[in-house]
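The values are calculated or read from the model by the stated rules, or taken from the named source; none is laboratory data. Values in this document were obtained by computation on a predicted structure and should not be read as measured data. A quick note on method: Cβ atoms are made from the backbone with ideal geometry, for glycine too, and the neighbour counts reach across all protein chains shown.
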Amino acid sequence: MSNQFKEALAQLNKTCEIMNVEHDEVEILKSPQKVIEVSIPVKMDGGDLKVFTGFRVQYNNARGPFKGGLRYHPRVNLDEVQALAFWMTIKCAVADIPYGGSKGGITVDIKQLSKGELERLTRGYVRAIAEFVGPCKDIPAPDVYTNPQIMAWFMDEYSRIKGQNEPAVVTGKPVEIGGSLGRDTATAQGGFYVLENILKKLKLKNDITIAIQGFGNAGMNFAKIAFEHNYKVAAVSDSKSGIYNPEGLDVNKVIEHKNSTGSVINFAGARNISNEELLELPMKVLVPAALEAVITKDNADKIKASIVLELANGPTTIEASEKLYEKAVLVVPDVLANSGGVIVSYFEWVQNLRHYYWELEKVQANLDKQINRATDLVWRYMKDYNVDMRAAAYIIAIEKIVKALKIRGV
Ligand code: NAD
């Protein structure tokens, strides 16, 4: 078992002990309901055939259809997908949207594929898992290195199999074919609403400096929104490395630089730094927005931020979380901080099922309301139970899932 899924289960056990949950329900929550592993043969441009491995883990659907993203990354493996599927189950319950949790992935380095190969890989994956997904069964969405175009191919292939248009099978689609306005920036926008709510609770207003690791959908959009709201974004990074200017970066210019050079590094007026250095900068807010397990027992002591806003899934290990709690660093857990993405995915699905589309203002107002309600509840549980924010979020989620399991008679 990988550390990640072990970590997820350790968090579950810790929460169940605090809550005194009955043994049977804990047992149910310890394993996914279904694990699907498929081989995907793809004809490469050069004429040879390559076989890729894909996964879909359907963790729990007590509260509604399975819901979770699809990741394309060379590190994707079954244990990682299981952990991510577990976290989705928790996240949907914390966000109070009527879904269970799942996750999918393909072990692939998309930087080595042409557009045609990527499309054939995606369509092959859909054909391999088609019987297990569907608008009322399991609804994928984008995650690391997947995007609206990939969701469009997913929806198209599934619709061909079903012989009719099925936009609600997947979220994060381009708006032209049933995507929701605001879905592309929803994870970052939601994270920003959460941060503003927490800063208000902590009565912190001035000198909010921010470092962001990861400059993709979550990290770059978060940097842009924070910059537009006059926060000082002083450091950002991508898979190559990072940049730092203590006076603050002009995020729009960094985006232009990244678009023209392929990376944030060597940006005029900023110093190049490593991804490790970025995590240890003296910032008010640290935003991990790339991959898992970047804050560990080895570097937790060196974290100088007062708030860690987890836009990535699982960026802080349990041991590191405990160290940060002792140091009074407030870790805003992934299952709350990045739930804006799945909340607007839920809005997209509702719009698809109704065939009636909302204006951007309505999407954002509803996201604001939903994520702030969740933040307020997590904050209240944190105070009531005298635990960290992650444990508070897990208590809320497990209460809801266990209640659903009991009512359904599982
Ligand atoms: P993305 O593919 O758009 O961007 C990933 C970014 O991380 C890229 O800038 C890449 O260069 C960078 N990166 C990759 N490896 C890195 C490394 N070793 N060190 C530093 N940076 C690295 O992906 P995304 O959608 O922004 O997802 C990022 C994180 O946010 C993931 O943990 C994902 O699960 C989580 N998340 C995303 C969404 C969403 O809606 N996109 C929703 C919830 C959670």
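Conditions (1) at pLDDT below 95; (2) of a type in the set (Lys, Arg); (3) farther than 23 Å from Met389 by Cβ; (4) touching a His at 6+ places or on another chain (Cβ under 8 Å), marked per residue:
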| residue | (1), (2), (3), (4) |
| --- | --- |
| Leu199 | no, no, no, no |
| Lys224 | no, yes, yes, no |
| Ala270 | no, no, yes, no |
| Ala305 | no, no, no, no |
### Message
For the condition closer than 30 Å to Ile40 by Cα, surrounded by fewer than 22 Cβ atoms within 10 Å (Cβ to Cβ) and not hydroxyl-bearing (Ser, Thr, Tyr), what is the one hit in Glu131, Glu196?
### Response
Glu131
### Task
Determine if segment 201-211 includes at least one residue that is within 19 Å of the chain's Cα centre (by Cα) and either among the aromatic types (Phe, Trp, Tyr) or outside the structural domain of Ser263 (by TED's automatic domain parsing) (or both).
no
## Note on the structure
Result of the Cβ filter at 8 Å on segment 216-228, keeping first residues that are in contact (Cβ under 8 Å) with a residue 40 or more places away in the chain and surrounded by 24 or more Cβ atoms within 10 Å (Cβ to Cβ) and partners that are of a type in the set (Val, Ile, Thr) and not in a helix (DSSP H, G or I), at least 6 apart or interchain, is Gly219/Ile212; Gly219/Val236; Gly219/Val287; Phe222/Ile212; Phe222/Val287
#### Entry: Candidates Ile243, Ile255 - the one that is free of Cβ contacts under 8 Å to residues at least 40 places away in the same chain, part of a helix (DSSP H, G or I) and buried (at least 18 other Cβ atoms within 10 Å of the Cβ)
Ile255
### Task
May I ask you to say which residue of Leu330, Leu360, Leu279, Leu311 is farther than 25 Å from Asp207 by Cβ and not small (Gly, Ala, Ser)?
Leu360
### Query
How many residues are assigned to a helix (DSSP H, G or I) and more than 14 Å from Val332 (Cβ to Cβ) when one looks only at segment 374-395?
5
### Message
Can you pull out every residue in segment 286-302 that is within 16 Å of the ligand (Cβ to nearest atom), surrounded by fewer than 24 Cβ atoms within 10 Å (Cβ to Cβ) and among the aliphatic types (A, V, I, L, M)?
### Response
Ala290, Leu291, Ala293, Val294
### Query
What number goes with the only condition from (1) away from the ligand (no atom under 11 Å from the Cβ); (2) among the aliphatic types (A, V, I, L, M); (3) farther than 17 Å from Ala337 by Cβ that Ala226 does not pass?
(3)
### Query
Consider Gly314 against the criteria (1) surrounded by 17 or more Cβ atoms within 10 Å (Cβ to Cβ); (2) away from the ligand (no atom under 14 Å from the Cβ): it satisfies all of them except one. Which criterion is unmet?
(2)
### Task
Answer yes or no as to whether Thr375 is buried (at least 21 other Cβ atoms within 10 Å of the Cβ), under 20 Å from the mean Cα position of the chain (by Cα) and among the hydroxyl-bearing types (Ser, Thr, Tyr).
yes
### Task
Restricting attention to segment 134-166, report how many residues are buried (at least 22 other Cβ atoms within 10 Å of the Cβ) and either away from the ligand (no atom under 14 Å from the Cβ) or outside any loop (DSSP other than H, G, I, E, B) (or both).
8
### Message
I need the full set of residues from segment 353-392 which are touching a strand residue (DSSP E or B) at 6+ places or on another chain (Cβ under 9 Å) and within 25 Å of Thr171 (Cα to Cα), in order please.
### Response
Thr375
#### Entry: Only one of Asn252, Asn221 that is more than 13 Å from the ligand (Cβ to nearest atom), within 21 Å of Phe192 (Cα to Cα), polar (S, T, N, Q) and assigned by TED's automatic domain parsing to the domain that holds Lys205
Asn252
### Query
Does Ile139 meet the test of being farther than 23 Å from Lys67 by Cα and of a type in the set (Val, Ile, Thr)?
no
### Message
Any residue at all in segment 348-365 that's over 23 Å from Leu199 (Cβ atoms), outside the structural domain of Ser102 (by TED's automatic domain parsing) and within 13 Å of the ligand (Cβ to nearest atom)?
### Response
yes
### Query
What's the number of the condition Trp358 fails, among (1) over 23 Å from the mean Cα position of the chain (by Cα); (2) closer than 23 Å to Glu17 by Cα; (3) surrounded by 18 or more Cβ atoms within 10 Å (Cβ to Cβ)?
(2)
### Query
Which residue out of Lys173, Lys205, Lys200 is more than 28 Å from Gly68 (Cβ to Cβ), assigned to a loop (DSSP other than H, G, I, E, B) and either more than 13 Å from the ligand (Cβ to nearest atom) or not β-branched (Val, Ile, Thr) (or both)?
Lys205
### Message
Take the conditions closer than 22 Å to Met155 by Cβ, modelled with pLDDT of 95 or more and assigned to a helix (DSSP H, G or I) and apply them to Ile371. Does it pass?
### Response
no
